[in-house]
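Scroll down for the structure; my scribbles are underneath it.
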Amino acid sequence: MQNNERGMGIKKAGIIILLVMGISIGLAVISALPQNGGTTASTTGTDSTGDGSTTESPQANAIPQGLGSFQNYSELKDFIAANAQSAQQYNNNGGFFGLPVVFGGATVSAAATIEATMALAPSATAADSTQSTPSYTGTNVQVQGVDEPDIVKTDGTHLFVSNTNAVTIINAYPPNSTSILSTLTYTNGNIQGIEIAQNRLLVINERSTNTTYVDLLLYNTTDLSAPKLMENESIAGDYVAARLADGYLYAIIQEPSYIFNGPNATGVLPLVTVNGSTSVLPPSSVYYTPIDAQIDYYTMIVSISMSTGNASTISVLTGPSSTIYVSTQNIYVVYTDYQQYYADNIPGDVFTGGVISPPMTPNTQNSTIFRAAYLNGTVTVEAAGSVPGSVLNQFSLNEYNDYFMVATSREASIGGTYTISDDVYVLNMNMSQVSAIRNIAPGENLYAVSFVGDMGYVVTYEQVDPLFAISFQNITNPVIVSALKVNGYSDYLYPLANGNLIGVGKDTVQSSTGNFSYYLGLKISLFQELPNGTASDLSDYYIGDRGTDSPVLTNHLAFTYDTATNVMVIPVTLALVSGNQPTSPDSPPPYGNTVWQGVYVFSVNSTGFTLLGTVSQYPASQPYGDSPNNNLQIDRSVIIGNYLYTISNQEVMVSSLSTFSTVSTVQLAGS
């Protein structure tokens, strides 16, 4: 069940953060590192506060960090063994380890040894072709020219569709001749995404035995009916994200830097398996940031040429990450550092630090960011830094004119009260702070961020939705030029070519009994932001009652927009309140019953939205709420010419964009 009490949810989230941080392990004091790389720089800049914020002390700032790599395997082994030893001691003394966490700088004992865990590559067999093609929509990406893997790709005449354990290649256009050309299946499959290029298909498959492995499988698809495996890169770890730029795939995978076998922690070396042959990364390809942070993983950046299959890998020792941002030149990886509350008093441990008092005083939560430049498959680690707070998602990050913007939320003491602070920091390419706007809306959570040129848009929420417009025209002194407050909130902001924004989120209603609000149905908004700072909500479109949902709220890849025709497609799970459901002024609004699932198709113009039609893969006699088959739930859509292709886990349905009648369907293999 969703948490619908907004203000209450924020307070609960803050308490949970404090409890998790209170039992989490402490700072890694990396004092025995090889000092061969990187310098630190002082931070400068200005501070602008917005929306009635009050004085904060001490002031939060971004901090640049040095970077280094190891000179030889002896240094790397000593460092990893010391981290494993520290983790083992902490765990044996009652520490909490939800994830493998590593600490550096200890004297190494014989108990912490280095082992190489071998990754075995599986075999499999997957696509592309060329013809005269109509216009078509691609994946909804954050940065133009930088593609993002997804479950469906098209070249305008073919669809490449993946579900959990299969990839189906479909002859898609013209729609009256749809047919399956070939299918790739994986017996131990958990496909994370696919990419296509000229006569190439790359499948990102995550599989688990006793260990989790990520396989990057590159196929030659000159013959779409018989794809041929060209390259198989396999890493023991977890998939984070990937991007395709200028003919190269860049995948970020996290491989543990130590493993637990019962109470004992053992350091492991970073391994890559290429076509069945496993090797250890050279020590010069393994980087570290000498900061007080959690170090758990080798964060691997693997580059693969889509043309030749040639690959290379570098690694940075980091904490667990789930957020990346990739510009046309740089890869940014973000991970959160939770600082300790209590001294652990473990004899011989690497961090001592004394007693922290009072024990439940909030401590700063930071996000560490490292920047790696890329060009033609070559990746070089350039800089690292830390900003206060945690990021919401990849849209909290942006590169513009050799500056890097980061929007964060953090626990802060403002006016003597602990609350939520939403900030935006501007860094240069060395990760040194240039400027900042702090305490944009004290006490409100960050819900959506979008950067467009020299403008940034930030949505915060507690009871109403303030859409803040921030000008970065003067990079050393960004300013809030408008703060538009409307009911509800937006989870995703899509910028239009004319400078307007589409917001996709939820409508809300304020509680009559407390300082919070309840979710209602979906709300789609068209915002106008003028250069002089004037902001307006041009139009709103409401869908369904409480319980109505859309994958767009959590995944921008589910959003489709055809810039040629200004047609927008949004998947919707529709919930409606029946007329006999009781309501009370002092009670929460009732949840609706789920009655339908499919896509809403809109025409968008400068004044708002026009519903053109809807498409569902469920038969009218068995709508989503009644059907036993949830595999027909539409998650993605593609427009080719004047036809809409909707994709569920079970089938591809082709519909006319003129009449919304079904033209053809194709059943998918796999789950």
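At a glance:
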| read-out | value |
| --- | --- |
| The listed residue being in contact with a helix residue (DSSP H, G or I) (Cβ under 8 Å, 6 or more places away or on another chain) and among the aromatic types (Phe, Trp, Tyr), out of Phe451, Phe468 | Phe451 |
| Residue satisfying all of: in the range 571-610; assigned to a loop (DSSP other than H, G, I, E, B) and of a type in the set (S, T, N, Q); surrounded by the fewest Cβ atoms within 10 Å (Cβ to Cβ) among these | Asn580 |
| Evaluation of Gly505 against (1) surrounded by fewer than 19 Cβ atoms within 10 Å (Cβ to Cβ); (2) in a strand (DSSP E or B) (one fails), failing number | (1) |
| Filter result for Ser303 (assigned to a loop (DSSP other than H, G, I, E, B), at pLDDT 85 or above and closer than 21 Å to Gly145 by Cα) | no |
| Filter result for the condition that a residue is in contact with a strand residue (DSSP E or B) (Cβ under 7 Å, 6 or more places away or on another chain), within 23 Å of Ala669 (Cβ to Cβ) and at pLDDT 95 or above, over Glu195, Glu148 | Glu195 |
| Any hit, the range 458-467, residues being under 25 Å from Tyr403 (Cβ atoms) and either surrounded by fewer than 19 Cβ atoms within 10 Å (Cβ to Cβ) or out of contact with any Phe, Trp or Tyr (no Cβ under 8 Å at 6 or more places or on another chain) (or both) | yes |
| Residue satisfying all of: in the range 179-194; crowded, with 20+ Cβ neighbours inside 10 Å and in a loop (DSSP other than H, G, I, E, B); farthest from the chain's Cα centre (by Cα) among these | Tyr186 |
| The range 240-265, residues that are over 15 Å from Ser315 (Cβ atoms) and of a type in the set (Ser, Thr, Tyr) | Tyr248 |
| Residue among Ala497, Ala483, Ala469 that alone is in contact with a strand residue (DSSP E or B) (Cβ under 8 Å, 6 or more places away or on another chain), within 21 Å of Val143 (Cβ to Cβ) and either among the hydrophobic types (A, V, I, L, M, F, W, C) or assigned to a strand (DSSP E or B) (or both) | Ala469 |
| Residue match in the range 238-246 (condition: within 26 Å of Ser182 (Cα to Cα), more than 25 Å from the chain's Cα centre (by Cα) and among the aliphatic types (A, V, I, L, M)) | no |
| All positions within the range 425-449 that are under 16 Å from Tyr325 (Cα atoms) and crowded, with 23+ Cβ neighbours inside 10 Å | Tyr425, Val426, Leu427, Met431, Ala448, Val449 |
| Any strands (runs of 3 or more DSSP E) falling wholly within the range 374-440 and containing at least 3 residues that are under 18 Å from Phe472 (Cβ atoms) and among the aliphatic types (A, V, I, L, M) | 403-414, 417-428, 433-438 |
| Some residue of the range 263-283 being within 22 Å of the chain's Cα centre (by Cα) and part of a strand (DSSP E or B) | no |
| Tyr250 closer than 30 Å to Leu76 by Cα, under 26 Å from the mean Cα position of the chain (by Cα) and surrounded by fewer than 24 Cβ atoms within 10 Å (Cβ to Cβ) | yes |
| Members of the range 611-664 that are in a loop (DSSP other than H, G, I, E, B), among the small types (Gly, Ala, Ser) and in contact with a strand residue (DSSP E or B) (Cβ under 7 Å, 6 or more places away or on another chain) | Ser616, Gly625, Ser661 |
| Scope the range 445-458; condition touching a Pro at 6+ places or on another chain (Cβ under 7 Å) and closer than 28 Å to Gly416 by Cα; matching residues | none |
| Residue match in the range 540-560 (condition: assigned to a loop (DSSP other than H, G, I, E, B) and among the charged types (D, E, K, R)) | yes |
| Looking only at the range 531-563, and only at residues there that are small (Gly, Ala, Ser) and either at positive phi or at pLDDT 95 or above (or both), the one that is surrounded by the fewest Cβ atoms within 10 Å (Cβ to Cβ) | Gly533 |
| Positions within the range 468-499 being among the small types (Gly, Ala, Ser), on the phi < 0 side of the Ramachandran plot and surrounded by fewer than 24 Cβ atoms within 10 Å (Cβ to Cβ), in sequence order | Ala469, Ser471, Ser482, Ala483, Ala497 |
| Flag if Tyr219 is more than 30 Å from Ser386 (Cβ to Cβ), touching an Asp or Glu at 6+ places or on another chain (Cβ under 8 Å) and among the aromatic types (Phe, Trp, Tyr) | no |
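The values are calculated or read from the model by the stated rules, or taken from the named source; none is laboratory data. This is a predicted model, so every value here is computed, not measured. A quick note on method: Cβ atoms are made from the backbone with ideal geometry, for glycine too, and the neighbour counts reach across all protein chains shown.
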